[in-house]
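Q: Got a structure here, written out as structure tokens. Questions coming.
The values are calculated or read from the model by the stated rules, or taken from the named source; none is laboratory data. Model, not experiment: these values are computed from the prediction. We place every Cβ from the backbone using ideal geometry, glycine too, and count neighbours over all the protein chains shown.
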Amino acid sequence: MSRLRIRTAPALGAVFTLTALFAIFASPSWGAVGYDDLAGPLRALSSQAEQGIAPAGSQTLLVVVRFKNEMAAAATNLQAHGATVRYRRGDAVEAFVPAGRLLEIAQLPEVAQVAPAEYMEPCQGFGATFGEGVRLVGAVPFHTAGITGQGVTVAILDIGFAGIAGAEVPIDDTDANSLVTFRADGTMGSSYHGTAVAEVVADMAPGANFVAIAVDTAMAAESAADYIANRDIDVVVMALELLGGPYGGTHPLSRKVNSLRNRGVFWVNAAGNSAQRHWMGDFADRNGNGLTEFSSGDEAID
């Protein structure tokens, strides 16, 4: 089954949109009660929506509303404030909220913070080529001995599975239990990243059964983990990462992974193939505002 494939994954448009909007300047109304509880670009978007000048495509945003406790999260009717709820998990709720009502929700006494949703990022390889790993890792003797993953069910958790029907993966694309989505758009995603990952795993375990699970945000991945816990799935492969904290195993998704491992599910996660994609330099604050300038006075990495 020796094959060489080249896959590319498109950038997450929603992440790019929110990141780019960090550059928008604040209006004087930021001093109003509740603005301090709007994180990152949401302050600017809320202010602009109130003025009727919100950028195109930002009228409704996917956000995480963090409450002061779980009881408040369960009791608060965000729908009454224009929200469409996706997930409720502990003291947090992921929901679509009109930009013009962000401040209204942030001003609720039981709300601690409203932040952009955490989008999962594909762990892209250092280079765009998916190489031939079966021989290099010494898997051929195992295949020769009949150890091919027969009787094992592997779930591939990713942001997209474009072309999965025509891919070299033993998966029944007509079976609703083989293609599962937790994405907000209800699709299997437009990225080829998950398809490529599935093909690599199929090379390593050609006898295994496969399930493709599409996610977009951290809460979607947590819900997928709950789904996996109630299914006969033995191995999970996720080549995704979260760029925000908390780290050290305390993120809710990290706790979900640990819980599955304790149930006997073997979770394989990419560590993040970001070699040489970092910034390193001395702190420089030429304008004295407390933020480092990376180059030519630029205070943002984008």
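Q: Can you find even one residue in region 209-227 that is under 30 Å from Ala145 (Cβ atoms), touching a residue at least 60 places away in the same chain (Cβ under 8 Å) and assigned by TED's automatic domain parsing to the domain that holds Ser254?
A: No, the conditions are met nowhere in region 209-227.
Q: Inspect region 99-106 for any residue being in a loop (DSSP other than H, G, I, E, B) and within 27 Å of Ala214 (Cα to Cα) and give the result as yes or no.
A: Taking region 99-106 as the starting set, the residues that turn out to be in a loop (DSSP other than H, G, I, E, B) are none.
So far as region 99-106 goes, no, none of its residues is in a loop (DSSP other than H, G, I, E, B) and within 27 Å of Ala214 (Cα to Cα).
Each row is one residue, and each column tells you yes or no for (1) part of a loop (DSSP other than H, G, I, E, B); (2) of a type in the set (Ser, Thr, Tyr); (3) without any contact (Cβ under 8 Å) to a residue 12 or more places away in the chain.
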residue	(1), (2), (3)
Ala165	no, no, yes
Asp173	yes, no, yes
Ala176	yes, no, yes
Val180	no, no, no
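Q: Here's another thing I want to ask about it. Restricting to region 46-86, give me the number of residues that are in contact with a Leu (Cβ under 9 Å, 6 or more places away or on another chain) and β-branched (Val, Ile, Thr).
A: Counting residues in region 46-86 that are in contact with a Leu (Cβ under 9 Å, 6 or more places away or on another chain) and β-branched (Val, Ile, Thr) gives 5.
Q: If you take the residues of region 264-282 that are surrounded by 11 or more Cβ atoms within 10 Å (Cβ to Cβ) and modelled with pLDDT of 85 or more, which of them is farthest from Val237 (Cα to Cα)? Quick ask: steps written out before the conclusion?
A: Narrowing region 264-282 to residues surrounded by 11 or more Cβ atoms within 10 Å (Cβ to Cβ): 265-270, 272-274.
Still in the list and also modelled with pLDDT of 85 or more: 265-270.
Values: Val265: 11, Phe266: 9, Trp267: 6, Val268: 5, Asn269: 6, Ala270: 8 Å.
Taking the candidates together, the pick is Val265.
Q: Restricting the first residue to region 33-44 and requiring it to be without any contact (Cβ under 8 Å) to a residue 40 or more places away in the chain, which pairs with a second residue that is hydroxyl-bearing (Ser, Thr, Tyr) and assigned to a helix (DSSP H, G or I) meet a Cβ separation below 6 Å and a spacing of at least six or different chains?
A: Arg43/Tyr35
Q: Separate question: When you check Asp298 against the structure, is it without any contact (Cβ under 8 Å) to a residue 60 or more places away in the chain, surrounded by fewer than 14 Cβ atoms within 10 Å (Cβ to Cβ) and acidic (Asp, Glu), yes or no?
A: On the way: without any contact (Cβ under 8 Å) to a residue 60 or more places away in the chain: yes; surrounded by fewer than 14 Cβ atoms within 10 Å (Cβ to Cβ): yes; acidic (Asp, Glu): yes.
Here the answer is yes, as Asp298 does meet what is asked.
Q: Can you tell me which residues in region 193-208 are closer than 11 Å to Ile156 by Cβ, in contact with a helix residue (DSSP H, G or I) (Cβ under 9 Å, 6 or more places away or on another chain) and not hydroxyl-bearing (Ser, Thr, Tyr)?
A: Of all residues in region 193-208, those closer than 11 Å to Ile156 by Cβ come to 193-202, 208.
Narrowing the set further to residues that are in contact with a helix residue (DSSP H, G or I) (Cβ under 9 Å, 6 or more places away or on another chain) leaves 194-195, 198, 200, 208.
Once the filter is applied, which keeps residues that are closer than 11 Å to Ile156 by Cβ, in contact with a helix residue (DSSP H, G or I) (Cβ under 9 Å, 6 or more places away or on another chain) and not hydroxyl-bearing (Ser, Thr, Tyr), region 193-208 yields Gly194, Ala198, Val200, Ala208.
Q: A further question follows. Cβ-Cβ under 9 Å, sequence separation 6+ or interchain: first residue in region 80-105 and farther than 26 Å from Lys256 by Cβ, partner of a type in the set (Asp, Glu) and in a strand (DSSP E or B). Which pairs?
A: Listed pairs, sorted by first residue: none to list.
Q: Output yes when any residue across region 176-198 is in the same structural domain as Leu242 (by TED's automatic domain parsing) and modelled with pLDDT under 90, and no when none is. Don't jump to the end; show me each part of the working.
A: Taking region 176-198 as the starting set, the residues that turn out to be in the same structural domain as Leu242 (by TED's automatic domain parsing) are 176-198.
Then keep just the ones that are modelled with pLDDT under 90; that gives 176.
Yes, that holds for at least one residue.
Q: Considering only residues of region 152-175 that are β-branched (Val, Ile, Thr) and at pLDDT below 95, which is nearest to Met219 (Cα to Cα)? Break it down stepwise before answering.
A: First, pick out the residues of region 152-175 that are β-branched (Val, Ile, Thr): 152-154, 156, 159, 164, 169, 171, 174.
Keeping just the survivors that are at pLDDT below 95 gives 164, 169, 171, 174.
Working: Ile164: 24, Val169: 27, Ile171: 26, Thr174: 26 Å.
Among them, the one singled out is Ile164.
Q: Regarding Ile156, is this residue over 27 Å from Leu62 (Cβ atoms), outside the structural domain of Leu45 (by TED's automatic domain parsing) and either assigned to a loop (DSSP other than H, G, I, E, B) or touching a Gly at 6+ places or on another chain (Cβ under 8 Å) (or both)?
A: Working: over 27 Å from Leu62 (Cβ atoms): no; outside the structural domain of Leu45 (by TED's automatic domain parsing): yes; either assigned to a loop (DSSP other than H, G, I, E, B) or touching a Gly at 6+ places or on another chain (Cβ under 8 Å) (or both): yes.
It is false that Ile156 is over 27 Å from Leu62 (Cβ atoms), outside the structural domain of Leu45 (by TED's automatic domain parsing) and either assigned to a loop (DSSP other than H, G, I, E, B) or touching a Gly at 6+ places or on another chain (Cβ under 8 Å) (or both).
Q: Right, another one. Identify the residue in region 66-82 that is out of contact with any Phe, Trp or Tyr (no Cβ under 7 Å at 6 or more places or on another chain) and aliphatic (A, V, I, L, M) and, among all such residues, is farthest from Ala49 (Cα to Cα).
A: The qualifying residue farthest from Ala49 (Cα to Cα) is Met71.
Q: While we're here: Please work out which residue is modelled with the lowest pLDDT, limiting yourself to region 51-82 and to residues that are among the polar types (S, T, N, Q) and part of a loop (DSSP other than H, G, I, E, B). Even if it seems obvious, please write down each step before you answer.
A: Of all residues in region 51-82, those among the polar types (S, T, N, Q) come to 51, 58-60, 69, 76-77, 79.
Still in the running and part of a loop (DSSP other than H, G, I, E, B): 58-59, 69, 76-77.
Values: Ser58: 69, Gln59: 86, Asn69: 97, Thr76: 97, Asn77: 97.
Among residues in region 51-82 that are among the polar types (S, T, N, Q) and part of a loop (DSSP other than H, G, I, E, B), the one modelled with the lowest pLDDT is Ser58.
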